[in-house]
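Engineer: Just dropping this structure here.
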Amino acid sequence: MKRAARFGPGSGPGALVTRRWGRALLGALGTGGVVLVLELLARTGVFDDEALPPATSVLARAAGMAVDDGFLDHLGTTVSAWLGGLGLAVVLAVPAGLLLGSLPRLDAASLAVVELARPVPSVALIPLAILVFAEPVRVERSLVCYAALWPILLNTLYGLRDVDPVAKETLRSFGFGPLSVLLRVSLPSAGPFVLTGVRIAASVGLIVAVSAELRAGGDAGLGVHLLQTQSGGGRPDLMVAGAVWAGALGVAANAVLVAGGRLAFPHGARNAGRAE
């Protein structure tokens, strides 16, 4: 009876896998529907096909870019700056979040600074970043780090606040110190929250990376590629195909982080799946 109550209809690993496949199928159908609508809008003349290229043409261009060495250099530059800034944000934000979350007085003292700096758009800091960092890649990486820092920091703080106080008090009653409680209880419990922050930061960081290349320029990058497609009369099909690659990077990064989260925090992933 207990087993039946625990894994009733609509629950359990099998039902969770079924829901995941169902969501994937719906996502594929939605993507196919959008591609079909865009194709019809371009082919029927509702929009000028030079301003809005047919979706099949854009996808064909995007596929051809996979073997274009020049485009792959642009892509590699953006990915390097994006992942470098994101990694630096993780290294800075997670320890800072753990420190602030473990020391309430320090958290309260830094609240005003965090709330003041967090809303500042990274793109608004491009002129300052250009003055501080001479190399375009360092400018881009610093802006990505700044933008990605806040989602990770705030989610780490939220995760620590959600830790069961009974579990922490239990370890303290057995003689464990603050560091042991942090490593054994707080950090594992906050792990899914931290990962959610990294997922959000990855998307934000990619947007900032491409935006910085568009605004600050440079020799290479997806943003530089998009600028180049508009020179000499413009090539909307190549421009949209480059944007498709940017979207594909975001989808791939999110999929990797979701899969990693399910492996690292299986109980958290199961509970999240049930809540959905």
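The values are calculated or read from the model by the stated rules, or taken from the named source; none is laboratory data. As the structure is a computational prediction, the values presented were derived from the model and not from experiment. Backbone-built Cβ (ideal geometry, glycine too); neighbour counts: all protein chains shown. When the accessible area is computed, the model is the full protein with side chains, heavy atoms only, and any ligands, DNA or RNA have been set aside. Shrake-Rupley method; radii C 1.70, N 1.55, O 1.52, S 1.80 Å.
Engineer: Do we have Leu171 as closer than 26 Å to Asp107 by Cβ, under 26 Å from the mean Cα position of the chain (by Cα) and among the hydrophobic types (A, V, I, L, M, F, W, C) here?
Structural biologist: Values: closer than 26 Å to Asp107 by Cβ: yes; under 26 Å from the mean Cα position of the chain (by Cα): no; among the hydrophobic types (A, V, I, L, M, F, W, C): yes.
So Leu171 fails the test.
Engineer: Another question, if that's okay. When you scan the stretch 195-206, do you find a residue that is at pLDDT below 90, out of contact with any Phe, Trp or Tyr (no Cβ under 9 Å at 6 or more places or on another chain) and assigned to a helix (DSSP H, G or I), even just one?
Structural biologist: No, the stretch 195-206 has no match at all.
Engineer: Looking only at the stretch 46-94, which residues are of a type outside the set (Val, Ile, Thr), under 25 Å from Ala253 (Cα atoms) and not in a helix (DSSP H, G or I)? Working first, answer last.
Structural biologist: Filtering the stretch 46-94 for residues of a type outside the set (Val, Ile, Thr) gives 47-55, 57, 59-66, 68-76, 80-89, 92-93.
So of that shortlist, the ones also under 25 Å from Ala253 (Cα atoms) come out as 55, 59-66, 68-76, 80-89, 92-93.
Residues satisfying the conditions are Ala66, Asp68.
Engineer: Does Gly14 fit the bill of being in a helix (DSSP H, G or I), within 30 Å of Pro266 (Cβ to Cβ) and modelled with pLDDT of 85 or more? Break it down stepwise before answering.
Structural biologist: On the way: in a helix (DSSP H, G or I): yes; within 30 Å of Pro266 (Cβ to Cβ): yes; modelled with pLDDT of 85 or more: no.
It is false that Gly14 is in a helix (DSSP H, G or I), within 30 Å of Pro266 (Cβ to Cβ) and modelled with pLDDT of 85 or more.
Engineer: Gly97 - would you say it is under 24 Å from Leu187 (Cβ atoms), touching a helix residue (DSSP H, G or I) at 6+ places or on another chain (Cβ under 8 Å), modelled with pLDDT under 85 and not in a loop (DSSP other than H, G, I, E, B)?
Structural biologist: Considered against the rule, which asks whether it is under 24 Å from Leu187 (Cβ atoms), touching a helix residue (DSSP H, G or I) at 6+ places or on another chain (Cβ under 8 Å), modelled with pLDDT under 85 and not in a loop (DSSP other than H, G, I, E, B), Gly97 comes out as no.
Engineer: Here is a follow-up. Which residues, taken from the stretch 219-247, are open to solvent by 40 Å² or more (accessible area, probe 1.4 Å) and either touching a residue at least 40 places away in the same chain (Cβ under 8 Å) or assigned to a loop (DSSP other than H, G, I, E, B) (or both)?
Structural biologist: Matches in the stretch 219-247: Asp219, Gln230, Ser231, Gly232, Gly233, Arg235, Leu238, Val240, Val244, Trp245.
Engineer: Here is a follow-up. Find all pairs meeting these conditions: Cβ atoms under 7 angstrom apart; at least six residues apart or on different chains; first residue within the stretch 248-262 and among the basic types (Lys, Arg); second residue assigned to a helix (DSSP H, G or I).
Structural biologist: Arg262/Ala269
Engineer: Please return the ranges of helices (runs of 4 or more DSSP H) entirely within the stretch 131-192 where 1 or more residues are open to solvent by 80 Å² or more (accessible area, probe 1.4 Å), among the acidic types (Asp, Glu) and free of Cβ contacts under 8 Å to residues at least 40 places away in the same chain.
Structural biologist: Where helices (runs of 4 or more DSSP H) fall fully within the stretch 131-192 and carry at least 1 residues being open to solvent by 80 Å² or more (accessible area, probe 1.4 Å), among the acidic types (Asp, Glu) and free of Cβ contacts under 8 Å to residues at least 40 places away in the same chain, they are 165-173.
Engineer: Oh, and also: For the subset of the stretch 116-129 comprising residues that are in a helix (DSSP H, G or I) and open to solvent by less than 80 Å² (accessible area, probe 1.4 Å), which member is farthest from Trp82 (Cα to Cα)?
Structural biologist: Initial filter on the stretch 116-129 (in a helix (DSSP H, G or I)): 116-117, 122-129.
Filter once more, keeping what is open to solvent by less than 80 Å² (accessible area, probe 1.4 Å): 117, 122-126, 129.
Details: Ala117: 21, Ser122: 13, Val123: 14, Ala124: 18, Leu125: 16, Ile126: 15, Ala129: 15 Å.
The residue in question is Ala117.
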